[in-house]
Amino acid sequence: MRKMKLVMVGNGMAGVRTLEELLKLAPDLYDITVFGAEPHPNYNRILLSPVLSGEQTVNDIILNDLDWYRAHGIRLHLNKKVTRIDRVRRRVYAEDGTEAEYDRLLLATGSNPVILPVPGKELKGVITYRDIADTDAMIEAAAKFRHAVVIGGGLLGLEAANGLRVRGMEVTVVHLMPWLMERQLDETAGRLLQQSLEKRGLKFLLPKETECLVGGAVGRVKAVRFKPAPGSAPGEGTEIPADLVVMAVGIRPNTELAESAGLHCNRGIVVNDTMQTFDPRIYAVGECVRHRGVAYGLVAPLFEMGKVCANHLAHMGIGRYAGSVTSTKLKVTGIDLFSAGDFQGGNDSEEIVLKDASSGVYKKLVIRDNKLVGGVLYGDTVDGAWYFQLLKDGQSVADLRDHLMFGQTHLGNTGHAGQNKAAAMTDAMEVCGCNGVCKGTIVKAIKEKGLFTLDDVRKHTKASSSCGSCTGLVEQILASTVGGAYAPQSNTAKPLCGCTELTHEEVRKAIREEKLLSIPEVMEFLNWRTPNGCATCRPALNYYLVCAWPHEAKDDPQSRFINERAHANIQKDGTYSVIPRMYGGVTNPDQLRRIADVADKYRIPTVKVTGGQRIDLLGVKKEDLPRVWADLAMPSGYAYGKALRTVKTCVGSEWCRFGVQDSTNMGIELEKAFDRMWAPHKVKMAVSGCPRNCAESGIKDVGVIGVDSGWEIYVAGNGGIKTEVAQFLAKVKTREEVLEYCGAFIQIYREEARYLDRTVHWVNRVGLDYVKKRILDDHEGRKALYERLLYALQGEKDPWQERAAKGVARHEFESLSV
Amino acid sequence: MTRVETEMWVRVAALEEIPRLGARVVKSPLGDIAVFRNNQDEVFALRDKCPHKGGPLSQGIVFERKVTCPLHGWTTHLDSGQAVAPDEGCTATFPVKVEGGEVYLQLERP
């Protein structure tokens, strides 16, 4: 079959990212030709500033070398500017006459720097700052000349000025507005920035308007002349010497080619949500585009566009680009600055401000309707990524408000020695304690492999891919390494996995509303991209089905992790561990004897008391499991599952001289009531008989504490990766109420949390107020929740006895031989 | 010396004995071999050791022509035994075929 022809005009970051995404989805669909006006393969334009300041070289910032194009069979025309599109014959023509035919055309022509229409703009030594050639020109000028003037005090202008200063020039920044980076900073932050740049030897003239550039003897610029300040007499304008003038006053989408081809443009090539121009065969991405009235000049949105565009080019036809929220980070070494969203605020918003002038820290957060809508951070930006995430998610910050300004102080408290500021870490310090990844390795991978997302970093380095407690640190490292290119993925809109665009919530809704009863039905109805999903979505779907349609949906063992399929916990050597249930942590001589006999008979190497008041038999061979279970004659403890684990109890009023409630029996009752319950993640409970809380109810998913007048119920605690103290939910009087309230809480969690969310993650997302509303205010709703849980658990059989006595799933435990 | 041309196929199980999107372990003189069956009833045989830390691939989740190891989540191609990029490594593959609903494995080449 003849391959379709895809031609791309523009060889920059947005376009090539689109190709990369396309090649991932449909590697053989197109015969691809790329035209680039520059002589270089795709490089990381964002990192031109470190090249200018000498911290990196051009080679360091190449993202796709020539081998990459070759390996993917892409015909690459470098140094060839496309000047004409013939839409009728579907061909493009370059300046030198090279032509190419297309079935689909992708325009990624980027943007052009704005050149001020002042006399003298064509003089030698007057340049813009956009590409490698400009950067080289600046480096060259810095070696020969003394005076540089940068016109424009925005992001790009300041990075240029800093670079030239580092290279030894006397640099003056001229800015039309009263403070620097007015599009990203408020006045206070702008002034602080100016002060610290002045300390580095930069000079500033602002507000100041350029009148003309004055030429010298050899046609090279000699000086910059300014218009007189308003109110002063004409002719009083000042002049400063300049051997190099860098114009960095903004960029303009490059639409020349598109316009000449008759495509609709309006300060950018106008595209729809699928990145198509008005000619449906022609797509456009990147800075040249205007989408829903906005043109973007930062990398993160361009990548989002690329993803959507690739999806449509690959004929998948799903995914829409709905616009982006952007954030800015200045890449001047040693200056920390972050800005996002509506940082100015207004009458309808509130501001939280922290200003510590002597230590150079300024933070302003703008809040509207209990949501973070914007912010400026200066001097201390470690929490930038977190704020940006809150902002993008549009999550209510009402609960966080009192400590919002102090940032996400707890990034997790194990595995990285209490470090929570990536910037303060040396390259040799360990970031990920699970996989032994240090900061230097992560930074190196980000730079060398051109990584831009957390997922990429996880795939390549494994950092934060196990327990996830160092995710915050890894995000910080990513944000500080790639600067403005970093875009944290929105939590609320995160797809379930790479097999679908849909979120957990959307999938669950469809399962409920369409009464889908099996994984193949879900995948067909929701147009799954892959034929049978992956190891991420299948277990989630299986749980969602079983939870939504108890006794009706088909439980698919092949979509469960091995532990839940084998009903035992796989160990590193491939053997299994067996933990029988001991309700409330209470056992008896008979059980203990049986456990001892089993350990002898099957030569079980390790017998250990668990943290959950049970006994663990470790090192059991898989084929022995059914017989071990038969001999134990005890129910499964579900210690291997996303399920109810243990209910830890203290001795309570039956024996303890302090006990005020019978916690042991309350625990046994709870454990029997919720036994064999599957959940989004493991569920641990505890019951203490008095406020001394010996059962540690404060760090359980559901913790109950007996007091003289009844029981207090605490929820969403966690003793693991990140210690979280459980929050008070309710105080009740009777044992029946304890069961009902705990059951109702667990059932909302089962119905609404995402698969692999512990209770704390879910409650943090929806807020405890929501949970209280559902359980404390809505009495009927609470009872209905509890009923639904009991219905789901009705008639569930003990999986061990099913397998031991009735031979269920025998093939799972028997090996074949030859 | 004359070369024996017959291939040495040994029967391991009926196809039905291997669950779809699942695997069975075959104990062999060469060690444990995982025999997989995907949704299209294709079968694959790999040494039952993940290229990462030797985890039992037979216990993993199978999809398309891949399996995800139960220990640390590495994914391996069933047809080549190669780890899915960017991970690097590979595990041995064995010739395997289905004939008349029976699965045959070749343990040594003639």
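The values are calculated or read from the model by the stated rules, or taken from the named source; none is laboratory data. All figures in this text were calculated on a predicted structure; none of them were measured in a lab. Here the Cβ is made from the backbone with ideal geometry for all residues, glycine too, and neighbour counts use every protein chain on show.
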Where a residue in region B:65-78 is farther than 15 Å from residue B:93 by Cβ and facing chain A (nearest Cβ under 8 Å) and its partner, wherever it lies, is aromatic (Phe, Trp, Tyr) and surrounded by 20 or more Cβ atoms within 10 Å (Cβ to Cβ), with Cβ under 6 Å and at least six apart: none
Region A:353-397, residues that are within 22 Å of the chain's Cα centre (by Cα), in a loop (DSSP other than H, G, I, E, B) and over 25 Å from residue A:182 (Cα atoms): A:395, A:397
Lone unmet requirement of (1) more than 8 Å from chain A (Cβ to nearest Cβ); (2) without any contact (Cβ under 8 Å) to a residue 60 or more places away in the chain; (3) in contact with a strand residue (DSSP E or B) (Cβ under 7 Å, 6 or more places away or on another chain) for residue B:54: (3)
Residue satisfying all of: in region B:88-103; surrounded by fewer than 18 Cβ atoms within 10 Å (Cβ to Cβ) and in a loop (DSSP other than H, G, I, E, B); nearest to the other protein chains (Cβ to nearest Cβ) among these: B:88
Only one of B:59, B:106 that is at pLDDT 95 or above, surrounded by 14 or more Cβ atoms within 10 Å (Cβ to Cβ) and within 12 Å of chain A (Cβ to nearest Cβ): B:59
Answer residue from region A:20-29, given it is surrounded by fewer than 22 Cβ atoms within 10 Å (Cβ to Cβ) and outside any loop (DSSP other than H, G, I, E, B) and is nearest to the chain's Cα centre (by Cα) among those: A:21
Flag if residue A:644 is under 20 Å from residue A:590 (Cα atoms), assigned to a strand (DSSP E or B) and either touching a residue at least 24 places away in the same chain (Cβ under 8 Å) or assigned by TED's automatic domain parsing to the domain that holds residue A:704 (or both): no
Exclusive hit being outside any loop (DSSP other than H, G, I, E, B), farther than 30 Å from residue B:39 by Cβ and in contact (Cβ under 8 Å) with a residue 24 or more places away in the chain, set A:592, A:618: A:618
Neighbours by Cβ (under 6 Å, 6+ apart or cross-chain): first from region A:245-269, basic (Lys, Arg); second not in a strand (DSSP E or B): A:252/A:114
Selection from region A:271-283 of residues that are more than 21 Å from residue A:91 (Cα to Cα) and either in a strand (DSSP E or B) or touching a residue at least 24 places away in the same chain (Cβ under 8 Å) (or both): A:273, A:274
Helices (runs of 4 or more DSSP H) completely within region A:766-818 that count 2 or more residues being within 14 Å of chain B (Cβ to nearest Cβ) and β-branched (Val, Ile, Thr): none
Some residue of region A:537-550 being within 30 Å of residue A:719 (Cβ to Cβ), more than 14 Å from every other protein chain (Cβ to nearest Cβ) and assigned to a strand (DSSP E or B): no
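Let's see how each residue does on (1) crowded, with 18+ Cβ neighbours inside 10 Å; (2) touching a strand residue (DSSP E or B) at 6+ places or on another chain (Cβ under 8 Å); (3) touching a residue at least 40 places away in the same chain (Cβ under 8 Å):
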{"position": "A:723", "(1), (2), (3)": "no, no, yes"}
{"position": "A:748", "(1), (2), (3)": "yes, no, no"}
{"position": "A:770", "(1), (2), (3)": "no, no, no"}
{"position": "A:779", "(1), (2), (3)": "no, no, no"}
Unique residue being assigned by TED's automatic domain parsing to the domain that holds residue A:30, of a type in the set (Ser, Thr, Tyr) and under 23 Å from the mean Cα position of the chain (by Cα) when the list is A:321, A:296: A:296
Number of positions in region A:426-481 that are over 22 Å from residue A:722 (Cα atoms), at pLDDT below 80 and within 11 Å of chain B (Cβ to nearest Cβ): 0
Tally, over region A:511-536, of residues that are crowded, with 21+ Cβ neighbours inside 10 Å, out of contact with any Ser or Thr (no Cβ under 7 Å at 6 or more places or on another chain) and within 14 Å of chain B (Cβ to nearest Cβ): 3
Subset of region A:329-355 that is surrounded by fewer than 22 Cβ atoms within 10 Å (Cβ to Cβ) and of a type in the set (Ser, Thr, Tyr) - its residue that is modelled with the highest pLDDT: A:349
Counted residues, region B:38-49 - those being in contact with a Pro (Cβ under 9 Å, 6 or more places away or on another chain) and more than 10 Å from every other protein chain (Cβ to nearest Cβ): 1
Single residue of region A:551-585 satisfying the filter (in a helix (DSSP H, G or I) and away from every other protein chain (no Cβ under 14 Å)) that is surrounded by the most Cβ atoms within 10 Å (Cβ to Cβ): A:584
Boolean, residue A:763 is buried (at least 17 other Cβ atoms within 10 Å of the Cβ) and either modelled with pLDDT of 95 or more or outside the structural domain of residue A:680 (by TED's automatic domain parsing) (or both): no
Every residue from region A:59-77 that is in contact with a Leu (Cβ under 9 Å, 6 or more places away or on another chain) and either free of Cβ contacts under 8 Å to residues at least 24 places away in the same chain or of a type in the set (A, V, I, L, M) (or both): A:61, A:66, A:70, A:74, A:76
Test for residue A:801: is it out of contact with any Ser or Thr (no Cβ under 8 Å at 6 or more places or on another chain) and crowded, with 19+ Cβ neighbours inside 10 Å: no
Yes/no for residue A:229 being farther than 30 Å from residue A:56 by Cβ, at pLDDT below 90 and not in a helix (DSSP H, G or I): yes
Qualifying residues in region B:25-37 (those that are of a type outside the set (Gly, Ala, Ser) and buried (at least 22 other Cβ atoms within 10 Å of the Cβ)) - the one nearest to the other protein chains (Cβ to nearest Cβ): B:26
Near pairs, Cβ below 6 angstrom, 6+ apart or cross-chain, from region B:7-23 (without any contact (Cβ under 8 Å) to a residue 40 or more places away in the chain and facing chain A (nearest Cβ under 10 Å)) to any residue that is in a strand (DSSP E or B) and surrounded by 13 or more Cβ atoms within 10 Å (Cβ to Cβ): B:20/B:37
Any hit, region A:665-672, residues being outside any helix (DSSP H, G or I) and in contact with a strand residue (DSSP E or B) (Cβ under 8 Å, 6 or more places away or on another chain): no
Residue in region A:30-37 that is among the polar types (S, T, N, Q), touching a strand residue (DSSP E or B) at 6+ places or on another chain (Cβ under 8 Å) and in a loop (DSSP other than H, G, I, E, B) present: no
